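We did not get these values from a lab; they are worked out from the coordinates using the rules stated. Because the structure is predicted, anything quoted here is derived from the model rather than measured. Heads up, the Cβs are rebuilt from the backbone with ideal geometry, glycines too, and the neighbour counts pull from every protein chain shown.
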Amino acid sequence: MLGLVGVLPARTAFAHDAPAIAPARLEFDASQAPKLCNDRATFRTLLDNWVAVNVWSPDADRRLVVRIRRAPTGEKLGEVALVDAAGATIAEHHERYGAREECYKVLYESASAAAKLLGAF
C-alpha cells in the first residue's frame, strides 16, 4: 500500500489577499434616523466582514463619516464619506431608501459602501 504524505501551508493561499487599508477613524451618526437604524454596533459588525479590525484607530488622520437619517419626505438616507486629515472629502456615497425599507438593509448597504470607499474591494 502506497501512502500519500503532504505538508499543508501555514496559511491558506488565496488568489488575492485583501488590500492593505490605511488607518481610519469611524464617525457614525444616526441620531436623526429611525431608532432601529441608530445601531453603531450592528454597523461595525457588518463593516468588519470586509474591513480588518486593525484599520480602526481613534487618532487616525482619515475619517470614515457615516450618517443615516430620515429625509423630510420620510425616506431613509445613507451618506458615507471618506475624509482626509485636512477635512477634504476623498470619496463619498449617497443612497436613498424607501420609508418602509428595513433598517438592517440600510445598515448593510451603508457598510458595504463604506468598505468600498476604504478600498476593501
**Request:** Please give the peptides 59-68, 85-94, 33-42, 103-112 ranked by average Cβ packing (other Cβ atoms within 10 Å per residue), highest first, as a rough proxy for protection.
**Result:** 103-112, 59-68, 33-42, 85-94
**Asked** Once the convex hull of the C-alpha atoms of the range 24-118 is built, how many Å³ does it hold per residue, rounded to a whole number?
**Response** 87 Å³
**Message:** If I model a spin label at ILE90 and GLU75 as a point 7 Å from the Cα along the Cα→Cβ vector, what separation in nanometres do I get?
**Reply:** 2.8 nm
**Asked** How large is ³J(HN,Hα), in whole Hz, for each residue of the range 67-83 in order, when computed from phi with the Karplus curve 6.51 cos²θ - 1.76 cosθ + 1.60 and θ = phi - 60°, using x for Gly and Pro?
**Response** 10, 10, 8, 9, 6, x, 7, x, 5, 9, 10, x, 10, 10, 9, 9, 10
**Request:** Give me the net charge of ILE90's neighbourhood, meaning all other residues with Cβ under 15 Å from the Cβ of ILE90; Lys, Arg count +1, Asp, Glu -1.
**Result:** -1
